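What follows is a single structure, written as structure tokens, with notes after it.
A short reminder: the numbers here are calculations on the coordinates, not readings from a lab. Since we're looking at a predicted model, the values are computed, not measured. Backbone-built Cβ (ideal geometry, glycine too); neighbour counts: all protein chains shown.
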Amino acid sequence: MLFYDLLRICILLLGVICTTQALKCYDCSNCKNPQLSNKTCTTEGVGMCAASIVRLDDGNTRITRTCHDKQFVDDHSILCSVNKNMRYKQNVRCCKDEDLCNSIDPTLDPLPGEKKKESENSDNLDSEKNLKLIILIVAVVMVTLLAVSVFCAYRFYKQNGVPYASPPDHNTDTNPLMGSHPSSLRELYADWTQGSGSGLPLLVQRTIARQIRLVTIIGKGRYGEVYKGIREGESVAVKIFSSREERSWFREAEIYQTVMLRHDNILGFIAADNKDNGTWTQLWLITDYHENGSLFDYLNRQSVTAAGMVRLAHSAASGMAHLHSEILGAQGKPAIAHRDLKSKNILVKNNGTCCIADLGLAVRHDSKTGSVDIAPNNRVGTKRYMAPECLDETINTNHFESFKRADVYSFGLVLWEIARRCSVGGIFEDYQLPYYDVVPPDPTIEEMKKIVCGEKQRPAIPNRWQNIDPLFVMARVMKECWNPKSAARLTALRIRKTLTSLAEQVEVKLC
């Protein structure tokens, strides 16, 4: 009796154990214990949940979820085995880890064509990402290099005044900018200015400027100072502008580099540069050096013969005529008016001829538009040499001929200064500035206006000039130059032609 009771207890315990090992699966369709309207089922004994996916002919997929008893699974163990080559058409996921473990959707391997396309898309995406990354890196590097270059150039420019060229090496036989050892300035002009006359390239100008050693000061003015300098054994003049005269420096350098401006009777321009001396920026204008200095200095030191007088006057007139003349053509030259002609702005060469300097106030004429290019600076001409229309402000600044006529008036006063120093028979006058006897050394505009415009006075002509042919011609020319009516004054070309004839007459008499 006891044995049967124990056996019954064992059977009950075994049933309980078997019952606890039953598995609940999701969405059963063939289980023997359906529950909850066929949404779940419980296997008998140790069973298994399954979820299968099948690719249909139309390309869509169908998922089926089932649960299987232990006996059924043992009899059909092949259920969970799928050929690897068929995984892109059918797949089964069997599990018994926990209840409802078949709720996870199984997946299929992509079709062979889809797998290749997916791989290509992946490669393309990777390539695009790599390309974008490379472009970004290159852009960052370029911007960084540009910023560093600009910063270095700015520092170099501030320290040396030459933004893109280092000072030349004087110990070498070659110059990378010129291709060979720097030749004389005259040879450089011949190489660079043939057919244009516009001067040397800017980089060469700055290189030349770095080679100059200042020797001694030779003049001072309102703009700054003039020094004698040495470059490769040749003398040059260095005009150093003060920083407040930057506009004058820039304007003068700009005018000097006008196409076709170079002329024997225009001061030879060499280079323009700005140099930082550590305290302030120096503005350099480098030109030919003439040891005789200005016409003012030359006439103060010595008298001249009749031939010397005509040579000085004729060469100065030739320079003014070249300035005033317009040269037509593809490489033409505009007409230019000086606006500050005086003996201090005319230099004397070693051969006794003149060249016109100081073009800081010059204006250019555009014949195509009829406009006048006037520099935007605060400087005015020298009051002593101003034409009547400039003194009383009646000059028409929109009419270029007005500026040329004002130049002619000033040039007439320069002729008077030259003629006074002409020695004939050992007789000549002391050097004096125009209107020296009626205005103070530094006259005001009002003082000059009163004498020139109000009283219509002009410099006195000595009586002895009437009996000396060269001086008589000079007196006649200068009187026509300072006519109160600007339109009645001689032109620069007419003055040059008259003085050319006078020069020929003087040469004949000397022969």
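Is region 245-365 best put as rounded, prolate or oblate by its Cα gyration tensor, with a ≥ b ≥ c the root eigenvalues, rounded for a/c under 1.5, and otherwise prolate when a/b is larger than b/c, oblate when not?
Details: a/c = 2.27, a/b = 1.23, b/c = 1.85.
Taking the square roots of the gyration eigenvalues as a ≥ b ≥ c, region 245-365 is oblate.
Ranked highest first by average number of other Cβ atoms within 10 Å, how do 345-352, 436-443 line up? Kindly include the intermediate steps, with their values, before the conclusion.
Values: 345-352: 19.1, 436-443: 12.5.
Ranked by mean Cβ neighbours within 10 Å, highest first: 345-352, 436-443.
Semi-axes, largest first, in whole Å: what does sqrt of 5 times each Cα gyration tensor eigenvalue give for region 452-511? Could you put the intermediate results ahead of the total?
Values: eigenvalues 126, 52, 5 Å².
Those come to 25, 16, 5 Å.
Over region 226-289, calculate the relative contact order: mean separation of alpha carbon pairs under 8 Å at least 6 apart, over the residue count, as a percent. Please report the intermediate quantities before stating the final value.
Working: 90 pairs, mean separation 25.9, N = 64.
40 percent.
Just want to confirm a number: the relative contact order over region 209-332, from Cα pairs under 8 angstrom separated by 6+ residues, in percent.
Working: 156 pairs, mean separation 26.6, N = 124.
It rounds to 21 percent for region 209-332.
Order 242-251, 453-462 from most to least packed using the mean count of other Cβ atoms within 10 Å.
Details: 242-251: 17.5, 453-462: 15.0.
In decreasing order of mean packing, 242-251, 453-462 become 242-251, 453-462.
Between region 379-439 and region 319-334, what is the C-alpha centre distance in whole Å?
After rounding, the separation between the Cα centres reads 24 Å.
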